[in-house]
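The values are calculated or read from the model by the stated rules, or taken from the named source; none is laboratory data. Quantities reported herein were computed from a predicted structural model and do not represent experimental measurements. Neighbour counts run over all protein chains shown; Cβ positions are idealised from the backbone, glycine included.
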Amino acid sequence: MKKQKEGINAFLGEDTSFEGKLSFSGTVRLDGQFKGEIFSRGTLIVGDTAKLEATIRVGRLISSGEIKGSIIARERMEIHAP
């Protein structure tokens, strides 16, 4: 079986908002507004224009955006200045 290239599986743009539950595999990048719950064993990238109000449980989190809520990153968490 071929190993898939790692890339972004889904993207929420800067001028987009979403409310609800998000579950995914692989990598997802959020640059817009999100309110709700996020669950994954994969990687969540929160861009510098993102505003999240969420319960987050992911494998890895890379963030330079605004997050309000609880965060659990099982493997790694990186917080960067916007």
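Data for the structure
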read-out	value
Where Ser23 falls short, out of the listed (1) surrounded by 15 or more Cβ atoms within 10 Å (Cβ to Cβ); (2) outside any loop (DSSP other than H, G, I, E, B); (3) not basic (Lys, Arg)	(1)
Qualifying residue in segment 9-20 (condition: surrounded by 19 or more Cβ atoms within 10 Å (Cβ to Cβ), modelled with pLDDT of 95 or more and over 9 Å from the mean Cα position of the chain (by Cα))	no
Top-ranked residue in segment 27-82 [being among the aliphatic types (A, V, I, L, M) and assigned to a loop (DSSP other than H, G, I, E, B); ranked as surrounded by the most Cβ atoms within 10 Å (Cβ to Cβ)]	Ala50
